[in-house]
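This report refers to the structure that appears directly beneath it.
The values are calculated or read from the model by the stated rules, or taken from the named source; none is laboratory data. It should be emphasised that the depicted structure is a prediction, and the values quoted were computed from it without experimental measurement. Glycine gets a Cβ as well: all are built from the backbone with ideal geometry, and neighbour counts include every protein chain shown. With ligands, DNA and RNA removed, areas are computed over all heavy atoms of the protein, side chains included. Shrake-Rupley method; radii C 1.70, N 1.55, O 1.52, S 1.80 Å.
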Amino acid sequence: MGKGLLFWGCLVFFLLSCQTEELNRLKSENESLRRDLSICKSEETELRRKERDLVGRINSLETELKELREAGEKLTKENEARKNRILQLERELAILKEDHQYLSRILEELRFTAQSNSREKAPLETGQKGWEDRSGLRKLRHPDGRIEYFDASVSSLDSQSMFLSIEEKPDGTLSLYLNIQHGYWVIRKDYSVVGIAISKGGKTLSIPYSLSDVYAVEQGGFRKEILRLPVKGKILDILKELAEGESEIRILIAFPDFSQDRVLSRLEVQGMGNVYYAFREMGGSL
């Protein structure tokens, strides 16, 4: 009997010991879970705060993007309006240039018509100034009987110039010539031009010539050459190209190891126009 009680007492004590240990383990796990839960709640709070910040930034960026798109659309419309205005102004400018060229031609025709009428009242051989003076031309009489007419501005041009001249033979035949004058300091005796070209509006036109067309004078180490070409064929085509539009005209003269490049002056262009109209008024034809 006593042994049975002892056995049951030990069993009860064992069971109680086991329950206490299990209870302690559960309490420990519960505390650990509570700590984990607290940490998770803190992280959740931090994540919610970050989420609110991100939502705020997204909304701000979407608003800014919308404003930029609206500003871009506005600028696009303004640029389109400016482009249309530029195109309109370019068309108006082109029309005005055409009108200006037309009026300039009419004025030149009227001026030379008036000079022609006054020429009939005052013959060349009288004591008054001759027709060539009143028209802005100067006359040069050659020993062989030829008479050459230049625009009065030629005498004021320097050693680099381009001009037209009218040649009148003893039989009254008229010819128009293109003259290109250039000068350079002579470094060696065999210097020669290897090419002459004229450019306008991005288009380059090569001028054909031969050595027989070049007249040269050398003095004090400086050489001046005049290229004298009859206005016909390709030379006539080149002058027609130059007469169109109002772009600047450049002339390029190439030597073996250097070149001369310059823009024709307004005086040169006006002088060539003056000689051309005089040539027509004198009865010349191309």
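Results for (1) within 13 Å of Leu176 (Cβ to Cβ); (2) assigned to a helix (DSSP H, G or I); (3) open to solvent by less than 80 Å² (accessible area, probe 1.4 Å), shown as yes or no for each residue.
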residue: Ile226; (1), (2), (3): no, no, yes
residue: Leu239; (1), (2), (3): yes, yes, yes
residue: Ser247; (1), (2), (3): no, no, yes
residue: Leu252; (1), (2), (3): no, no, yes
residue: Gln260; (1), (2), (3): no, no, yes
residue: Glu268; (1), (2), (3): no, yes, yes
residue: Val275; (1), (2), (3): yes, yes, yes
residue: Phe279; (1), (2), (3): yes, yes, yes
residue: Gly283; (1), (2), (3): yes, no, yes
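Please go through segment 184-203 and give me each residue that is open to solvent by 40 Å² or more (accessible area, probe 1.4 Å) and either of a type outside the set (A, V, I, L, M, F, W, C) or modelled with pLDDT of 90 or more (or both), ordered by number.
Result: Arg188, Lys189, Asp190, Ser192, Gly201, Gly202, Lys203.
Show the residue pairs that are 6+ apart or on different chains and have beta-carbon atoms under 9 Å apart, the first residue being within segment 158-183 and within 15 Å of Ser285 (Cα to Cα) and open to solvent by 30 Å² or more (accessible area, probe 1.4 Å), the second being aromatic (Phe, Trp, Tyr) and part of a strand (DSSP E or B).
These pairs meet every condition: Glu168/Tyr149.
Quick one: which of Arg250, Arg262, Arg280 is at pLDDT 85 or above and touching an Asp or Glu at 6+ places or on another chain (Cβ under 8 Å)?
Going through Arg250, Arg262, Arg280 in turn, the sole match is Arg250.
Given the structure, is Phe222 aromatic (Phe, Trp, Tyr), open to solvent by 40 Å² or more (accessible area, probe 1.4 Å) and touching a residue at least 12 places away in the same chain (Cβ under 8 Å)? Lay out the reasoning, then the answer.
Details: aromatic (Phe, Trp, Tyr): yes; open to solvent by 40 Å² or more (accessible area, probe 1.4 Å): yes; touching a residue at least 12 places away in the same chain (Cβ under 8 Å): yes.
For Phe222, the condition - aromatic (Phe, Trp, Tyr), open to solvent by 40 Å² or more (accessible area, probe 1.4 Å) and touching a residue at least 12 places away in the same chain (Cβ under 8 Å) - is met.
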